[in-house]
1. Would you confirm, using the coordinates I've provided, whether GLU78 is of a type in the set (D, E, K, R), open to solvent by 40 Å² or more (accessible area, probe 1.4 Å) and over 27 Å from THR194 (Cα atoms)?
2. Can you tell me how many residues within segment 65-80 are under 22 Å from the mean Cα position of the chain (by Cα) and not in a strand (DSSP E or B)?
3. Can you list residue pairs whose Cβ atoms sit under 6 Å apart, with the first residue in segment 359-376 being in contact (Cβ under 8 Å) with a residue 12 or more places away in the chain and the second being surrounded by 15 or more Cβ atoms within 10 Å (Cβ to Cβ) and of a type in the set (Lys, Arg)? Count only pairs 6 or more apart in sequence or on different chains.
4. Is segment 166-183 home to any residue that is surrounded by 12 or more Cβ atoms within 10 Å (Cβ to Cβ) and modelled with pLDDT under 85?
5. Please enumerate the residues belonging to segment 46-63 that are more than 15 Å from VAL79 (Cα to Cα) and over 20 Å from the mean Cα position of the chain (by Cα).
6. If I ask for residues that are open to solvent by less than 100 Å² (accessible area, probe 1.4 Å) and either modelled with pLDDT of 80 or more or of a type outside the set (Ser, Thr, Tyr) (or both), which ones from segment 368-388 would you list?
7. Looking at segment 261-273, is at least one residue free of Cβ contacts under 8 Å to residues at least 40 places away in the same chain, at positive phi and either open to solvent by 30 Å² or more (accessible area, probe 1.4 Å) or over 14 Å from the mean Cα position of the chain (by Cα) (or both)?
8. Among GLN332, GLN305, which is the only one that is assigned to a strand (DSSP E or B), open to solvent by 10 Å² or more (accessible area, probe 1.4 Å) and touching an Asp or Glu at 6+ places or on another chain (Cβ under 7 Å)?
Amino acid sequence: MYPSSRHSQMCRCLMKGAPGSYLQKQGGLVHGASAVFVVKDGNGTACIMANFSAAFLTSYDTKNGSKSVTFELPASAEVLNSSSCGKGNASDSSLVIAFGRGHTLTLSFTRNATRYSVQLMRFVYNLSDTGIFPNSSSKETKTVESVTDIRADINKKYRCVSSKQIHLRNVTVTLRDATIQAYLSNDSFSTEETHCEQDGPLPPSPTAPPQPSPTPVPASPSVSRYNVSGTNGTCLLASMGLQLNVTYRTRDNTTVTREFNIDPSKTTFGGNCTARLVTLALRSGNLLLVLQFAMNASSSRVFLQGVQLTMTLPDARDPAFRAANDSLRALQAAAGNSYKCDAEERVQVTEAAFLNIFRVWVQAFRVDGDKFGPVEECQLDANSMLIPVAVGGALAGLVLIVLIAYLIGRKRSHAGYQTI
């Protein structure tokens, strides 16, 4: 039973979905049901209402290395009595949602004369919850938080149909189809809205044409250098250009395939090192790309094992695009060696997502400072070298055949004359 509060009284409306369940996915796409959460004051008047579904993406340590997990806010989530309407519905207020074994998502609101905002989002998660974090090597409870840009005019609801990501250190929270309003004046959502930037400007009429689709990027992506370090020094060196190739349905139900380059000048990166898994995470706007390198203990081969992608596609029927695969064996090299390929490598993540890697030079595990180890060239480069060698060999053989034919012909012509 959750603790009670003398200053506020809460209720939670019925949700769609099976009570007591949660949705979890490692290596694919899954959507949970949306839910309505309500905070009421001591008189039973609603001061905060929120209707959204939420997904959480994070990683945690196991005995076999780092592991990533994506899970949904379950239908069994509840509003805690620690939620607050503030004083007189005019000061800071908060919505606290609990689920699972000790997980809480908190939205802290503040306001001025004209606008209110979610000033802070906090997520507390319990690594001892084996339903979400199986085989976790830690049983501690962790807290992450971040400011947000969720804001709306007073007496208007915040509306965001598109997926919206909030990055809380190593946790990414994705809100979908969100309607949020604090400091309510009439015990229900307002009919007026403040739209999020992700939804773009409203069309002038219902018959207005849809927003233009993102323009495909035909050029190769810029090559940039990345590194990840841990307590024992550098565990990853990489130089490469990255491009995403995704297939999705637009709002008018047309299937399209588009390419998006990752611009190093607009990208931040980080990662972590463990004995068996090295992770490189790249963030660019609403895009998160995670690359995981593993090492086979018996063969001492290092390879790209996992790719996780989350991004927002404004013109898509479902703007939240996610793809993941943790059973790859790409970019292989012996431990202590580097893998290099000047040709474009195409890594299939799912049927709808490919990662195109240009001019890659990468080494994970057993990295000596900032220097790449001995190079193992990719088969694509080896094949490209065979073509000129084969052509050169064929030309040399042709020249030799012509020379032999000429000498034979010359010898026969001399044999046809007699000395006088």
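1. Considered against the rule, which asks whether it is of a type in the set (D, E, K, R), open to solvent by 40 Å² or more (accessible area, probe 1.4 Å) and over 27 Å from THR194 (Cα atoms), GLU78 comes out as no.
2. 2
3. TRP361/LYS340; VAL375/LYS340
4. yes
5. Matches in segment 46-63: THR62, LYS63.
6. GLY369, PHE372, GLY373, PRO374, VAL375, GLU376, CYS378, LEU380, ASP381, ALA382, ASN383, PRO388
7. No, segment 261-273 has no match at all.
8. GLN305
The values are calculated or read from the model by the stated rules, or taken from the named source; none is laboratory data. Please read these numbers as outputs of a predicted model, since none were measured by experiment. Ideal geometry is used to build each Cβ from the backbone, glycine not excepted, and the neighbour counts take in all protein chains shown. SASA here: full protein model, heavy atoms, side chains in, ligands and nucleic acids out. Shrake-Rupley method; radii C 1.70, N 1.55, O 1.52, S 1.80 Å.
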